[in-house]
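The structure under discussion appears below in the form of structure tokens.
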Amino acid sequence: MSSSVKVDIWSDIACPWCYIGKRKFEEGVRRFGGDVEVEYHSFELSPDTPVDFEGSAADFLAGHKGLPKAQVEQMIDRVIGIAGSVGLDYDYEALQHTNTVKAHQLLHYAKERGRQAEMKERLLRAYFIEGRHVGRVEDLADLADELGFDRADVVRSLEADEHLGAVRGDQAQAAAYGINGVPFFVFEGKYGVSGAQDAAVFAEALAQVANEKATA
């Protein structure tokens, strides 16, 4: 196919379904077989979360959702199982809940340098699998440094909130689209797919949009 399909994805770092959805979408792209251009956009599921949250993932979710801890632990077990089915080994024992606004700024920093997708994967892996902290400037700079970014410049950018305006712009666009949960996928600015759908759903949506472009 001569032209690529543009997909804009709204998601959060601290969103288990966003990482699962990313894997399912990637499989959908593989099945589709055509060119796909992906751009990630910022969405904070819990913007009032402190940078250093004291307590476990179950503690956070019980407080955030107002559910009994036993029920939350069952939900976590289910998510871990589904993550495993797409090759992701979630470690909720090590997971460090935090505010993600600085991580979103880092994604915009990487996007400006043509490496947003790489940074997105690194942050999700750090948070859900490695138990790394993704809320503090120094920790984020360490992760960026691992990918070969200029660590000192990352610190400068994050401390100056250089890309905070871009994060807020993404959030405003999400509100304009009526997005109130993530992951959310927008195909060619026209069609929306909500949630971590099966790969077949994404492959079909990509094919449909590609066909429409080809016959337009």
- Item | Within the chain: Cβ-based charge dipole about Cα centre, in debye rounded to nearest 20 (Lys, Arg +1; Asp, Glu -1) | 620
- Set of lysines near K69 by C-alpha distance (under 25 Å), chain-local residues within fewer than 8 positions excluded: none
- Item | the chain: C-alpha gyration tensor shape, a/c 1.5 cut-off, then a/b vs b/c | oblate
- Message: Rounded to the nearest 5, what % of DSSP beta bridges with both residues in the chain are antiparallel?
- Response: 55
- Task: Please label the shape of the stretch 1-50 as rounded, prolate or oblate, based on the square roots a ≥ b ≥ c of the eigenvalues of the alpha-carbon gyration tensor (a/c under 1.5 means rounded; beyond that, a/b larger than b/c means prolate, else oblate).
- Result: oblate
- Message: Ignoring everything except DSSP H segments at least 4 long, calculate the 222 nm mean residue ellipticity for the chain; use -39,500 (n - 2.57) per segment, divide by total residues, nearest 500.
- Response: -17500 deg cm²/dmol
- Spelling it out for H41: with amide H atoms placed in the peptide plane at 1.01 Å from N, the residues 5 or more places away or on another chain with amide H under 5 Å from its amide H are I9, W10, S11
- Message: What is the angle, in °, between the Cα long axis of helix 137-146 and the longest principal axis of the Cα atoms in the chain? Nearest 10 is fine, range 0 to 90.
- Response: 50
- Spelling it out for D91: with amide H atoms placed in the peptide plane at 1.01 Å from N, the residues 5 or more places away or on another chain with amide H under 5 Å from its amide H are I129
- Task: Can you send over the carbon and sulfur percentage of the accessible area for the chain, probe radius 1.4 Å, protein chains only?
- Result: 48
- Task: Just name one of A103, V154, V193: the one whose Cα is farthest towards the positive end of the charge dipole of the stretch 62-216 (beta-carbon charges, Lys/Arg +1, Asp/Glu -1).
- Result: V193
- Query: In what sequence, highest mean first, do 3-15, 114-126, 144-156, 62-74 appear when ranked by Cβ atoms within 10 angstrom?
  - Reply: 3-15, 114-126, 144-156, 62-74
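The values are calculated or read from the model by the stated rules, or taken from the named source; none is laboratory data. Remember, it's a predicted structure, so these values are computed and weren't measured experimentally. When we count neighbours, we look across all protein chains shown, and the Cβ atoms used for this are built from the backbone with ideal geometry, even at glycine. Quick note on the areas: whole protein, heavy atoms, side chains included, nothing else; ligands and nucleic acids left out. Shrake-Rupley method; radii C 1.70, N 1.55, O 1.52, S 1.80 Å.
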